[in-house]
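Undergrad: Dropping a structure here in structure tokens format, bear with me for questions.
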Amino acid sequence: MWLNLKFLSWLVLVVGAIHCQAYVHHTFVVKETPYTRLCSTKNILTVNGQFPGPALHVHQGDTIFVDVHNQGNFNITIHWHGVKQPRNPWSDGPEYITQCPIQPGGKFRQKIIFSTEVGTLWWHAHSEWWRATVHGAIIIHPKKGTKYPFPLPHAEVPIIFGEWWKQEILAVYNEAIFTGGAPNVSDAYTINGQPGALYPCSKPDTFKLKVDHGKTYLLRLINSAVMDILFFAIAKHNVTVVGTDGSYTKPLDSSYVTISPGQTIDVLLKANQKSDHYYMAARAYSAAPGVAYDNTTTTAILEYNGNYTPSSSPSLPNLPYFNNTNASVSFTSSLRSLADKNHPVSVPINITKRLFFVISVNTFPCPNNSCAGPNGTRLATSVNNISFVNPYIDILQAYYGHINGVFGTNFPDFPPYLFNFTAEDLPLYLETPRHGTKVKILKFNTTVELVFQGTTLVGGNDHPMHLHGYSFYVVGMGLGNFDKDKDPLRYNLVDPPFMNTIAVPLDGWTAIRFRADNPGVWFMHCHFDRHMTWGMDMAFVVKNGKGRKQHILPPPPDMPPC
């Protein structure tokens, strides 16, 4: 009898071990930390005291837990940008969309479920503009036993672009909100937290990438800049794009890269030039008329190992001009999914829901023309003429708990006004949107085509649009007004890039497709933080499917209170 009991106990342990999965746990402590840049020191919000924050290393298909402890003095949330989080919107992170913020002294254990993503993604704060300093890389290695679809690089290096203000970022945010005008532009761009040699007090700390001649390096580019699309290049070197937004691409050789805020791009760098020091550099692409931008250039140094005498001054790369829309669009529209037998594409062909979203910069009138926007107005943005307003509790909680009065469900499929969206002179009445907190309801497995159309209202702008919970196929892009009869004939339905963030070009359009097979509440917004704050946001609610595995997971027990 004793032997039988012992055997049964052993069997229970074995079966339990088979059904239990060992998850990796990380701890993120959000706190203020003093950092010195541009000749002065200030406290910035960091994770674990690091700027940029710690990189997370996982394999494709892993699940991890991150315990976020808020030891700062401000509300905070953390978003895992580009991670689809199947059936698990609870840990997605956007403030007042899927959770209320983690209050000072609070904590939240976030479950991060990786699925199809492979390559580079990133995490960042998703409340106010704290992502200026609260961000870091997510490195997703191929599944164990599988390989990259390109030669194994000698080393892999995250290259994170950012922005630095001498002001406190909260002061920049508050001033913009109070005055209704555009925020102060940054004082510097950064590469891996350092402005580089062209800025005061910055040369000694310039980031250096040391390479061996003849070897190949995988650079994982991440644009965490708050306000600007960037051009990036390396003097006298080309790069080969092999991935973007956690998905492989066909190899694309290029002398420069255009990277939008929120976007990640993986490139191979061959160290095949004369042994020397070369600048890696990034500066803004900003073609919108009348929009102020940081016109400085951040640099890092590509330094060949070996015994030689370097040039007295490293070479600077030839970057496209700041307003070169053709260079920006040409690069992005050249990206293609890998689309081979091991990495097939699944572009939705039979579309069951067509959406046309007009995205605009707008204005609201102010009493006595007292605001700092054009002609005394308050700057705003909108999607289909609705300028988003955060609710008092998060939309996911309201949806899951059947709480009425938090959001409307009648987000329009098309704009209320049809006009020449890219005309030079448009009537002033078109500039004023409506406030609203509205979502678009999608049935599970709906196949969606969504066309983003930019406008010239209040001067127009590029708009890097990001969809949470999904990647999407970018099937078309163009300048001017979308032509529903002609432009779809030129769609790429064979190997379009699979992305989570895509720039809608200035005075142009972009078409995406995706299958709504991830139930939950999923935010969509412009990744220029000023545009997101001003209202260029909305949310999709994807309903549960039929089976249990097509239902939203239950909420964790420690959701932050509202």
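The values are calculated or read from the model by the stated rules, or taken from the named source; none is laboratory data. All figures in this text were calculated on a predicted structure; none of them were measured in a lab. Reconstructed Cβ throughout: ideal geometry from the backbone, glycine too, with neighbour counts over all protein chains shown. Note: accessible area is taken over every heavy atom of the protein model, side chains too, but ligands, DNA and RNA are not part of it. Shrake-Rupley method; radii C 1.70, N 1.55, O 1.52, S 1.80 Å.
Undergrad: Need pairs with beta-carbon distance below 7 Å; first residue farther than 24 Å from Leu218 by Cβ and within region 287-305, second modelled with pLDDT under 95 and not in a loop (DSSP other than H, G, I, E, B); sequence gap 6+ or separate chains.
TA: Qualifying pairs under 7 Å: Ala288/Gly459; Pro289/Gly459; Gly290/Gly459; Val291/Gly459.
Undergrad: Moving on. Looking at (1) in contact with a helix residue (DSSP H, G or I) (Cβ under 7 Å, 6 or more places away or on another chain); (2) assigned to a strand (DSSP E or B), which is the only condition Ile159 fails?
TA: Going through (1) in contact with a helix residue (DSSP H, G or I) (Cβ under 7 Å, 6 or more places away or on another chain); (2) assigned to a strand (DSSP E or B) one by one, Ile159 breaks only (1).
One line per residue, one yes/no per condition, for (1) at pLDDT 95 or above; (2) over 28 Å from His135 (Cα atoms); (3) part of a loop (DSSP other than H, G, I, E, B); (4) open to solvent by less than 50 Å² (accessible area, probe 1.4 Å):
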position: Thr258; (1), (2), (3), (4): yes, no, no, yes
position: Gly262; (1), (2), (3), (4): yes, no, yes, yes
position: Leu269; (1), (2), (3), (4): yes, no, no, yes
position: Gln273; (1), (2), (3), (4): yes, yes, yes, no
position: Ala281; (1), (2), (3), (4): yes, no, no, yes
position: Ala284; (1), (2), (3), (4): yes, no, no, yes
position: Tyr293; (1), (2), (3), (4): yes, no, yes, no
position: Thr298; (1), (2), (3), (4): yes, no, no, yes
position: Leu302; (1), (2), (3), (4): yes, no, no, yes
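Undergrad: Next question. Scanning region 175-207 for residues that are open to solvent by 10 Å² or more (accessible area, probe 1.4 Å) and aromatic (Phe, Trp, Tyr), which turns out farthest from Thr133 (Cα to Cα)?
TA: Within region 175-207, the match that is farthest from Thr133 (Cα to Cα) is Phe178.
Undergrad: Which residues, taken from region 422-445, are open to solvent by 30 Å² or more (accessible area, probe 1.4 Å), touching a residue at least 60 places away in the same chain (Cβ under 8 Å) and out of contact with any Ser or Thr (no Cβ under 9 Å at 6 or more places or on another chain)? Give the derivation first.
TA: Initially, region 422-445 is screened for residues open to solvent by 30 Å² or more (accessible area, probe 1.4 Å), giving 422, 424-429, 431-432, 434-435, 438, 441, 443-445.
Of the ones still in play, those that are also touching a residue at least 60 places away in the same chain (Cβ under 8 Å) are 422, 431-432, 435, 438, 441, 443-445.
Passing the criteria: only Phe444.
Undergrad: Is there a residue in region 164-171 that is touching a helix residue (DSSP H, G or I) at 6+ places or on another chain (Cβ under 7 Å), open to solvent by 10 Å² or more (accessible area, probe 1.4 Å) and in contact (Cβ under 8 Å) with a residue 60 or more places away in the chain?
TA: Filtering region 164-171 down to residues touching a helix residue (DSSP H, G or I) at 6+ places or on another chain (Cβ under 7 Å) leaves 165, 169.
From the residues that got through so far, the ones that are open to solvent by 10 Å² or more (accessible area, probe 1.4 Å) too are 169.
Filter again for in contact (Cβ under 8 Å) with a residue 60 or more places away in the chain, leaving 169.
Within region 164-171, one or more residues are touching a helix residue (DSSP H, G or I) at 6+ places or on another chain (Cβ under 7 Å), open to solvent by 10 Å² or more (accessible area, probe 1.4 Å) and in contact (Cβ under 8 Å) with a residue 60 or more places away in the chain.
Undergrad: Does region 218-248 hold any residues that are assigned to a loop (DSSP other than H, G, I, E, B) and either charged (D, E, K, R) or touching a helix residue (DSSP H, G or I) at 6+ places or on another chain (Cβ under 7 Å) (or both), and which are they? Before you say what the answer is, go through the steps one by one.
TA: As a first pass, look at region 218-248 and keep what is assigned to a loop (DSSP other than H, G, I, E, B): 224-228, 235-236, 238, 245-246.
Residues satisfying the conditions are Ser224, Val226, Met227, Asp228, Lys236, Asp245.
Undergrad: Scan Lys208, Lys203, Lys270, Lys236 and give me the residue that is among the basic types (Lys, Arg), without any contact (Cβ under 8 Å) to a residue 60 or more places away in the chain and over 22 Å from Phe150 (Cα atoms).
TA: Numbers: Lys208 fails: without any contact (Cβ under 8 Å) to a residue 60 or more places away in the chain; Lys270 fails: over 22 Å from Phe150 (Cα atoms); Lys236 fails: without any contact (Cβ under 8 Å) to a residue 60 or more places away in the chain.
Exactly one of Lys208, Lys203, Lys270, Lys236 is among the basic types (Lys, Arg), without any contact (Cβ under 8 Å) to a residue 60 or more places away in the chain and over 22 Å from Phe150 (Cα atoms), namely Lys203.
Undergrad: Moving on. What's the total number of residues in region 117-172 that are in contact with an Asp or Glu (Cβ under 6 Å, 6 or more places away or on another chain) and farther than 30 Å from Asn295 by Cα?
TA: 2
Undergrad: Only one residue in Thr36, Thr63, Thr77 is β-branched (Val, Ile, Thr) and open to solvent by 40 Å² or more (accessible area, probe 1.4 Å), so which one is that?
TA: Values: Thr63 fails: open to solvent by 40 Å² or more (accessible area, probe 1.4 Å); Thr77 fails: open to solvent by 40 Å² or more (accessible area, probe 1.4 Å).
It is Thr36.
Undergrad: Being aromatic (Phe, Trp, Tyr), open to solvent by less than 60 Å² (accessible area, probe 1.4 Å) and closer than 17 Å to Ser360 by Cβ is true for just one of Phe419, Phe407. Which residue is that?
TA: Details: Phe407 fails: closer than 17 Å to Ser360 by Cβ.
Result of the check over Phe419, Phe407: Phe419.
Undergrad: Quick one: count up the residues across region 83-112 that are open to solvent by 30 Å² or more (accessible area, probe 1.4 Å) and at positive phi.
TA: So the count comes out to 3.
Conditions tested, residue by residue: (1) surrounded by 16 or more Cβ atoms within 10 Å (Cβ to Cβ); (2) assigned to a helix (DSSP H, G or I).
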position	(1), (2)
Val521	yes, no
Met524	yes, no
Arg530	yes, yes
Thr533	yes, yes
Phe540	yes, no
Asn544	no, no
Leu553	yes, no
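Undergrad: Within region 227-255, can you find the residues that are buried (at least 22 other Cβ atoms within 10 Å of the Cβ) and more than 20 Å from the chain's Cα centre (by Cα)?
TA: Correct list: Ala233, Ile234, Val239.
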